[in-house]
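Have a look at the structure below, then the notes.
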Amino acid sequence: MSQPAQSPPPHVALLQMILGKWVSSAISAAAHFAIADHLESGPKSPKELATLTGTQEQPLYRLLRANASVGVFTELEDGRFAQTPLSEPLRTNAKPCIRSMALMLTDDWHLRSWEQLPWCVETGKPASYKLNGMPMFDWMAQHPEKTVNFNNAMTDLSQGDSAAVVQSYDFSRFEHIVDVAGGHGTLLAAILDQAPKSRGTLFDMPHVIEGAKKTGILDRFADRCTLEAGSFFESLPKDADAYIMKFIIHDWYDPECIKILSNCRKGIRPGGRLLVVDQVVPAGNEPAMSKIVDLEMLVLPGGMERTEQQFRDLFAASGFRLERIIPMPAPQCIIEGVPV
């Protein structure tokens, strides 16, 4: 009769947490060599995979074994490795795909940023001020070649999250929907598919709008969708009955957010809706991904994830009342506000 599994002693449990950085590095290396893509057609031996990836068989086996120990791939009895549900999202054509996210987390600029976490806690400033002397987004605009994985990761995440948004909210009642800082239009396209009588405006910075035009994601909605460039700190398209922002508010602290949301308030129609898609931090000691992502916001853009009360206060300071928080089949929620 087998004995029930026992929890490790505290020092071992803590050590396992500390070694989590090694686990993410192992997953990132597997993503780098596109192992999940090579296993899409079926199980393969380390020798076969080494030939396909241009690596050494024995070190590659050790990498595969380490990944399999946490459920990313599985080692079969004959020594071959096969795909698992956890490795599936690492495929380049998976939906959703998080391969670019795995690669981004071990990009040099991202690793160096997280090394500054103590400095960020001491000063309250994001790491880019110490490393580059400027805000992260300004540095990214000057070095697009270094942020390819970041941009791809945001696009990949947006595909899965956009589906969750339209699954959780009915947009068909709105005549004009503005997607604020909507990137290349993945979310707005999903919304306009769900709401065939609505028209939309994609709003973002000039270089992002140029990118949106090149991708052509919104081309099929040309008769009811416009693309507009500008700064959400200055003004937003007006006369809309819905403003939606996905993963935008958490990039900024309250003073900047109040500027953005106040511009929404200036342009919103009576009875309109403000829709913020972000994580909501639970109270107390409840485990939550949002509490870890919050540190990413501290280190990178200089923003924060918020509790329900913090969202209420932020909305109130911007001319809105928090009406409800709508759960989604994702870590994020839709925080709905109404103008007051």
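The values are calculated or read from the model by the stated rules, or taken from the named source; none is laboratory data. From a predicted model like this one, the values you see are computed outputs, not experimental measurements. Note: ideal-geometry Cβ built from the backbone for every residue, glycine included; neighbour counts use all protein chains shown.
Odds and ends about this structure:
- D254 meets all of the listed conditions (1) closer than 18 Å to E308 by Cβ; (2) charged (D, E, K, R); (3) touching a Phe, Trp or Tyr at 6+ places or on another chain (Cβ under 9 Å) but one, namely (3).
- Top-ranked residue in the range 202-261 [being at pLDDT below 95 and of a type in the set (A, V, I, L, M); ranked as surrounded by the most Cβ atoms within 10 Å (Cβ to Cβ)]: A212
- Any hit, the range 206-218, residues being assigned to a strand (DSSP E or B) and either outside the structural domain of R173 (by TED's automatic domain parsing) or in contact with a strand residue (DSSP E or B) (Cβ under 9 Å, 6 or more places away or on another chain) (or both): no
- Of the residues making up the range 30-51, those that are in contact with a helix residue (DSSP H, G or I) (Cβ under 6 Å, 6 or more places away or on another chain) and more than 12 Å from A82 (Cα to Cα) are A30, A31, F33, K47, A50.
- Residue within the range 291-301 that is of a type in the set (A, V, I, L, M), surrounded by fewer than 21 Cβ atoms within 10 Å (Cβ to Cβ), farther than 30 Å from K238 by Cβ and without any contact (Cβ under 8 Å) to a residue 12 or more places away in the chain present: yes
- Residue pairs whose Cβ atoms lie under 6 Å apart, sitting 6 or more positions apart in sequence or on different chains, and linking a residue in the range 47-63 that is aromatic (F, W, Y) to a partner that is buried (at least 16 other Cβ atoms within 10 Å of the Cβ), are Y61/P46.
- Test: residue in the range 177-186 that is within 21 Å of the chain's Cα centre (by Cα), part of a helix (DSSP H, G or I) and in the same structural domain as G302 (by TED's automatic domain parsing): yes
- When the range 56-97 is limited to residues that are small (G, A, S) and closer than 17 Å to D156 by Cα, the one that is surrounded by the fewest Cβ atoms within 10 Å (Cβ to Cβ) turns out to be A94.
- Output for the range 12-30, where each listed residue is of a type in the set (A, V, I, L, M, F, W, C) and touching a Leu at 6+ places or on another chain (Cβ under 9 Å): A26, I27, A29, A30
- The residue that is farthest from L60 (Cα to Cα), counting only those in the range 70-87 that are under 29 Å from the mean Cα position of the chain (by Cα) and of a type in the set (A, V, I, L, M), is L86.
- Considering (1) assigned by TED's automatic domain parsing to the domain that holds I292; (2) surrounded by fewer than 20 Cβ atoms within 10 Å (Cβ to Cβ), the lone condition that W119 does not fulfil carries the number (1).
- Residue check for W109: of a type in the set (F, W, Y), modelled with pLDDT of 95 or more and surrounded by 17 or more Cβ atoms within 10 Å (Cβ to Cβ): yes
- Tally, over the range 302-320, of residues that are buried (at least 19 other Cβ atoms within 10 Å of the Cβ) and at positive phi: 1
- Verdict on E48 being more than 24 Å from I292 (Cα to Cα), surrounded by 14 or more Cβ atoms within 10 Å (Cβ to Cβ) and among the charged types (D, E, K, R): yes
- Number of positions in the range 65-99 that are touching a helix residue (DSSP H, G or I) at 6+ places or on another chain (Cβ under 6 Å), modelled with pLDDT of 95 or more and not β-branched (V, I, T): 9
- Residue among S128, S100, S162, S158 that alone is crowded, with 19+ Cβ neighbours inside 10 Å and farther than 29 Å from S262 by Cβ: S100
- Applying the criterion of at least 3 residues that are farther than 27 Å from K146 by Cβ and among the hydrophobic types (A, V, I, L, M, F, W, C) to the helices (runs of 4 or more DSSP H) found wholly in the range 17-127 leaves 46-53, 57-69.
- Subset of the range 262-287 (residues that are farther than 30 Å from E175 by Cα and either of a type in the set (V, I, T) or surrounded by 17 or more Cβ atoms within 10 Å (Cβ to Cβ) (or both)): V281
- Residues of the range 140-153 satisfying the condition of being within 19 Å of I248 (Cβ to Cβ), touching a Phe, Trp or Tyr at 6+ places or on another chain (Cβ under 8 Å) and part of a helix (DSSP H, G or I): M140
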